[in-house]
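Down below is the structure, laid out as structure tokens.
A short reminder: the numbers here are calculations on the coordinates, not readings from a lab. Only a predicted model underlies this, so the values are computations on that prediction, with no experimental measurement involved. All Cβ positions, even for glycine, are placed from backbone atoms using ideal geometry, and neighbour counts span all protein chains on display.
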Amino acid sequence: MSWPMIAKTLRELRWTSFWYALGLVIYIVFLSSFYPTLERQREQFEQLFRQYPEFLFRVFGIDPERAMMTSFAGFMHAETFGFIWPATALIFVVLSGAAVVAQEIERGTAEFCLSVPVSRARLLLSKQVALLTGILFVVLPSIAALALSAQAFGGELTARGLVQLTIALACFLVSFAGLATLASAVTSERSRAAGLVGGVILLMYLAWVAAWLTEDVRWLRYFSLFTAYDPLTAMLGELQWYKPALHLIVGLGAGSGALVVFSRRDIVS
């Protein structure tokens with residue numbers, strides 16, 4: 001790896017990751033503050049939620065059979081980690097991952113980066129390590145905010161659940177970070193790379209929703225990384241480890257593919 005390249009990429013990511021992390025922390029604390037109200041009016045809320053169509057739950061990443069908001073974990077899953085948190089964090093990951101190669105070409109700094117006595121693979125690997133650090137900088141403050149909010153507003157979360165949620169969120173983002181860096185290595189424009197990965201994410205999400213709505217297309221869930229995204233089970237400390245492992249394998253595989261492509265392509269032309 002190239003430590004100067006890691007430092008350079010971290011400098012470029014520092015404010016972006018800071019504002020995304022801060023926004024998610026504020027959102028988590030804000031939503032958590034409503035949990036005591038839910039506790040006091042639990043029966044009314046349960047009756048209200050049962051009247052909602054299943055389609056509405058599925059679109060927002062909520063399993064109505066498991067995530068009724070009768071616990072702090074269920075509440076935070078429905079209000080935060082089922083849809084809003086992954087959608088926001090994925091924007092950060094896709095835009096940052098799409099920039100690792102394509103942005104250097106757009107800026108005209110690719111030749112300068114390649115002039116240093118370090119192999120292309122090591123340069124890109126350094127950028128990927130910096131991106132991973134940025135992902136952790138987004139995930140860990142959210143976990144800390146969740147833990148503190150649980151204490152402050154009467155929620156129940158175990159240390160085991162927090163650790164599993166950390167792993168689940170990080171691995172989920174790593175999978176798409178790998179795809180974003182691969183797209184960046186293939187294309188020469190950041191917008192094209194981001195659009196390509198964004199399209200893949202949308203198709204995977206629609207496939208995941210459709211698979212849960214009808215038995216006829218249940219097989220579509222095997223083509224979506226969202227199928228293995230299960231923050232509720234993680235918060236409950238019951239995460240099935242093949243799920244984050246699958247995300248990690250996809251992320252590492254795509255990241256390795258990016259290294260191969262970047263090492264062989266004509267980056268200047």
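Okay, here's what the table says:
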| quantity | calculated |
| --- | --- |
| Using a Förster distance of 51 Å, the FRET efficiency for Glu39-Val260 (Cβ separation, nearest 0.05) | 0.45 |
| Ascending count of other beta-carbon atoms within 10 Å, so fewest first, for Tyr35, Tyr27 | Tyr27, Tyr35 |
| Protection proxy ranking, peptides 250-256, 216-222, 199-205, average beta carbon neighbours within 10 Å, highest first | 250-256, 199-205, 216-222 |
| Rounded FRET efficiency, nearest 0.05, which uses the C-beta distance separating Glu238 from Thr133 and R0 of 25 Å | 0.30 |
| Potential extension, Trp19-Trp219 segment - 0.36 nm per residue separation minus Cα distance | 68.2 nm |
| Karplus-derived 3J(HN,Hα), 6.51/-1.76/1.60, for each residue of the stretch 243-260, Hz, glycine and proline x | 5, x, 5, 4, 4, 5, 4, 5, x, 5, x, 5, x, 5, x, 4, 4, 5 |
| Ranked Glu215, Glu189, Glu79, criterion: other C-beta atoms within 10 Å, fewest first | Glu215, Glu189, Glu79 |
